[in-house]
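All remarks here apply to the structure that follows.
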Amino acid sequence: MSAYYYFFKMRILTTLAYRFEVFTAVASNAVMLLATVFLWKAAYRGIGSVEEVSQHQMIVYAILSVVMGAVLSVSVQDEMYYRVREGNIATDFIKPVHLLGMFLAEDLGNTVSALVNRAVPLILLSSVLFTPPLPASFAALLLFIPSLMLSFLLLWLMGAIVGMIAFWVLELGNLGIVKDAIVRILSGSMIPIWFFPDWMGTVSAFLPFQYMYQTPLSIYIGVISYSQAGIALVVQAVWIAVLALIAYAVWQRAKRVTLIQGG
Amino acid sequence: MVTAIRYHVSVAYCFARLAVQRQLEYPLFLVSWLLMIPLQYLSGVWVLKLMVEQFQPLAGWSFPELSFLYGLGLLSHGLSVIFFIQTWQIDHMVIRGEFDRMLLRPMNVFFQFVVNYVNFIGIIDLIPGFIIFFYGCARVGFDWTFINTLKLALVVIGGMFIRASICTIMGSAAFWTKRSGSLISLTLATMERTTMYPLSVYPRVIQLALTFLLPIGFISFYPATEFIGQDDGFTLPVGLAIWTPVVGIVTFAAAHLIFKYGLKRYESAGS
């Protein structure tokens, strides 16, 4: 266990090492935040609420969505792709740790450091410029936290599965970026699914994506009731189990097809 | 004069041919981009459609007008991805000492830097640009007169130069700091978010900053307002669109100066 703790700690230290990078990364997120919030403000100009969601709720949703995007940045798919491409994966297999565990520990490190150096400045900024992104109620906050953790696991497992594709299709390029584009739309991070046409809402309910962003965010702003929130948490957990099984199965096969580049 | 131009063109052509050949080495590599880029931009414009349908025209812009603006921004973006992607990577070139080679050649380093790479793959960025822009043109009833077409070409090329210049200026920070990658991502994120939506959704201060400080407004917003006839309460003599190529030339000259100044600080790579 201490080995994984080491990876976790090292990742926090390395992300903090480049201060200028931290600053510009937050600035990029801030641009995103301003652009999204002003867009929603323009949409809501003179309109009270749409689909029973008020302007205030939508702005809190948008702010939190940007913060979540900044915090839950999982690098497992890029790491995996890079290591397979460069052939580092061969030496990784010799290490006396489980590789997926190592990637998970590193991504947890990323997330914890991002909570401090990304989430805090972004929340402060939006409190000054717009409105403090407060939860609908204390209970909503208590339900939001586990839901957010489950979202992290969902995003991470999805990233790990797509990253493992690199073992088979080296020359197909990084399919992770395609996945990211799909997640951005179908997770409700750009625009909540309830604004989508009905048929897309129906399809989306059977896919794991909306449980990555929209579920925790709608709990937070209080557009779904506590009992619905409870059900949503269970659905999130079920999807995690499904994706974990897939990830495990793919990993078992991936180990066998590892291709080492000659050198 | 003529021989000098012919010489420069032949050098640029050689660089371009090499770059394209290098990229065609791995054709399957294009697949992930071919999936991702159209998906990203088509979904971006689709989000605008949903917002207009569920709410109202954004800051007075209907969906066809928004697609005209979005597409116009995307066209100059696509061109800058094809011809100027190296302006995003000045820090790599500084760290890896790639300017050594250029400094040794008897030719202007900035010119070599500009023509040293043609990113053939950038054509993929143009595909959604064309689709969205021509959809917008058809729906807003864009008048394809000779003058309008000429203006449009000048605007797209001018927009490409503005984008390239801003990236060169930001990237040149690497001559001093050795790192400018994240500054470039910040710049690209800002440009994406400000060229594809009407500037008028932003408060006045931001609009002014994006007009005079960083002339991003000239890439797509001001020309689009003129082409569509949107009234945004901002006028310039001789029309808004024609300012884009002018601003493009001015910013490119500024980028050249800053690049040259930065190059004096270039100290090559340690071995």
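Worth pointing out:
- For the residues of A:190-198, the average number of beta carbons from a partner chain within 10 Å of their own beta carbon is 3.
- Translational D in µm²/s for chain A (Stokes-Einstein at 25 °C, 0.890 mPa s, Kirkwood Rh from C-alpha pairs): 125 µm²/s
- Sequence of B:ILE162, A:ILE94 when ordered by accessible area, the most exposed leading, probe 1.4 angstrom: A:ILE94, B:ILE162
- By a 1.4 Å probe calculation restricted to protein chains, B:ARG22 has an accessible surface near 140 Å², given to the nearest 10.
- For the segment A:16-23, counting C-beta atoms of other chains within 10 Å of every residue's C-beta and taking the mean gives 2.
- A probe of 1.4 angstrom, applied to the heavy atoms of all protein chains, finds B:LYS49 with accessible area near 70 square angstrom.
- The GNM of chain B, with springs linking C-alpha atoms under 10 angstrom apart, assigns the highest mean-square fluctuation among B:GLN21, B:GLN112, B:GLN207 to B:GLN21.
- When each full DSSP H helix of chain A is screened for a Cα extent of at least 18 Å along its own axis and an average Kyte-Doolittle hydropathy of at least -1.0, the helices passing are A:2-17, A:19-44, A:55-71, A:99-114, A:138-164, A:226-257.
- Using the average count of surrounding beta-carbon atoms within 10 Å as a protection proxy, the listed peptides A:70-79, A:43-52 rank, highest first, as A:70-79, A:43-52.
- Shape index of the stretch B:123-175: Rg/Rh, with Rg the Cα radius of gyration and Rh the Kirkwood radius from the inverse mean 1/r over Cα pairs, equals 1.14.
- Taking every DSSP helix (H) stretch of at least 4 residues in the protein assembly as shown, weighting each as -39,500 (n - 2.57) and dividing the sum by the residue count yields a mean residue ellipticity at 222 nm of -23000 deg cm²/dmol.
- Max mean-square fluctuation residue, GNM over chain B, Cα-Cα springs under 10 Å, options B:GLY158, B:GLY73, B:GLY229: B:GLY229
- Calculated FRET value between B:LYS264 and A:LEU115, using beta carbons and R₀ = 51 Å, to 0.05: 0.75
- Summing +1 for each Lys or Arg and -1 for each Asp or Glu among the other residues whose beta-carbon sits under 15 angstrom from that of A:TYR44 gives -1.
- Of every Cα-Cα pair in the stretch A:194-238, the percent that sits beyond 13 Å: 56 percent
- With protein chains left intact and a 1.4 Å probe, residues in the protein assembly as shown average 46 Å² of accessible area per residue.
- Distance between the 7 Å Cα→Cβ label points at B:ARG139 and B:ALA209: 3.1 nm.
- Taking a sphere under 11 Å around the Cβ of A:LEU34 and counting the other residues whose Cβ falls inside, with K and R at +1 and D and E at -1, yields a net charge of +2.
- Accessible area per residue (1.4 Å probe, heavy atoms of protein chains only) ranks A:TYR81, B:TYR117, A:TYR6 as A:TYR6, B:TYR117, A:TYR81, with the largest value leading.
- Within chain B, helices built from complete DSSP H runs that reach 24 Å or longer along their own axis (Cα positions) and carry a mean Kyte-Doolittle hydropathy of 0.0 or higher are B:2-24, B:30-54, B:63-83, B:123-140, B:146-171, B:243-263.
- Calculated diffusion of the stretch B:56-164, Stokes-Einstein form, Kirkwood radius summed over Cα pairs, 4 °C and 1.567 mPa s, µm²/s: 82 µm²/s
- 10 Å Cβ neighbours from other chains, averaged over peptide A:36-42: 6
- Heavy-atom accessible surface of the protein assembly as shown: percent carbon and sulfur, 1.4 Å: 69 percent
- Average Cα contact separation per residue, chain B, under 8 Å, 6 or more apart, as relative contact order %: 26 percent
- Cα gyration tensor category, rounded, prolate or oblate, for the stretch B:142-225 with a/c compared to 1.5: oblate
- Cα gyration tensor category, rounded, prolate or oblate, for the stretch B:158-201 with a/c compared to 1.5: oblate
- Charge tally around A:VAL223: other residues with Cβ under 11 Å, Lys/Arg +1 each, Asp/Glu -1 each, net -2.
- Share of pairwise Cα-Cα distances greater than 31 Å in the protein assembly as shown is 52 percent (whole percent).
- Percent breakdown of C-alpha pair distances by 10 Å bin, ordered from the shortest bin, for the stretch A:120-207: 13, 29, 36, 18, 4
- When B and A come together, around 3500 square angstrom of accessible surface is lost from both chains combined, probe 1.4 Å.
- Heavy-atom accessible area ranking, 1.4 Å probe, most first, across A:SER204, A:SER54: A:SER54, A:SER204
- Mean shadow area of the stretch A:166-224, taken as a quarter of the surface of its Cα convex hull (nm²): 5.0 nm²
- For chain A: relative contact order, % (alpha-carbon pairs under 8 angstrom, 6 or more apart): 25 percent
- Within the listed set A:VAL120, A:VAL178, A:VAL250, the Gaussian network model of chain A (springs between alpha-carbon atoms below 10 Å) gives the highest mean-square fluctuation for A:VAL178.
The values are calculated or read from the model by the stated rules, or taken from the named source; none is laboratory data. Since this is a predicted model, take the numbers as computed values, not measurements. In this analysis, Cβ positions are derived from the backbone assuming ideal geometry, glycine residues included, and neighbour counts consider all displayed protein chains. For the accessible areas, the whole protein counts, side chains as well, though only heavy atoms, and no ligand, DNA or RNA atoms are used. Shrake-Rupley method; radii C 1.70, N 1.55, O 1.52, S 1.80 Å.
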